[in-house]
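As structure tokens, the structure follows; a few thoughts come after it.
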Amino acid sequence: MPDLVDCPNCGSIYVKNKFRDVCDACYKEEEKQFDLVYKFLRVRENRAATIPRVIEETGIDEDLLLKFIRTGRLKIATFPNLGYPCEKCGTLIKKGKLCDDCADELRKDLEFFNKEEKRKKELEEREKRGTYLTNGLRKREY
């Protein structure tokens, strides 16, 4: 059975599908906004426009513009100054969810975590083997 959900834009109830995340009325409005932005960016002089300039010239909401970029409706290869913010630091990126610096930092943190987990496991293994006394007798475990 299809899911009925509230539209995140207007709050009306609609049947959710995998192609749209808003109701039909909001989808039509988004399409009008997309057409407006695309017409603006198709002009040769505007192809190098930045996000603030596109917002200023078209009056579109920044979140909607970023949605068009994230979903691939506006191709970054065609419009080189467009991007979307890194989810950690906010730097403009063109692919993925994190910029290279944040991804490297996360990778280093994961490596450190894995090394620390391995070290803890080795310590637990040593503890399981038992403790030895200085005279060579093994300590009894109860």
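Tabulated results
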read-out: Computed lengthening from D61 to F113, 0.36 nm per intervening residue step minus Cα-Cα distance; value: 14.7 nm
read-out: Positive minus negative residues near F19 (Lys, Arg vs Asp, Glu; Cβ under 13 Å); value: 0
read-out: Label-point separation, D35 to L4 (7 Å along Cα→Cβ), nm; value: 3.1
read-out: Hits among aspartates and glutamates - C-alpha to C-alpha of K97 under 16 Å, sequence gap 8 or more where chains match; value: D63, E87, E105
read-out: Amide H within-cut-off set for I93, under 5 Å, with H built and near neighbours excluded; value: Y84, C86
read-out: Cross-link reach list, lysines versus K121, counting only Cα pairs under 29 Å and skipping chain neighbours closer than eight places; value: K108, K139
read-out: Residue-by-residue Karplus 3J(HN,Hα) for segment 75-86, coefficients 6.51, -1.76, 1.60, Hz, glycine and proline x; value: 6, 5, 5, 7, 10, x, 8, 9, x, 9, x, 4
read-out: Under 17 Å from the Cα of K28 - lysines, other chains or at least 8 residues apart; value: K16, K18, K39, K67
read-out: DSSP H segments from the chain that extend 18 Å or more along their own axis, Cα-based, with Kyte-Doolittle mean of 1.0 or above; value: none
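Read the figures in this text as sums done on the coordinates, not as results from a lab. All values derive from a computational prediction rather than experimental measurement. With ideal geometry, Cβ positions are generated from the backbone for all residues, glycine too; neighbour counts draw on all protein chains shown.
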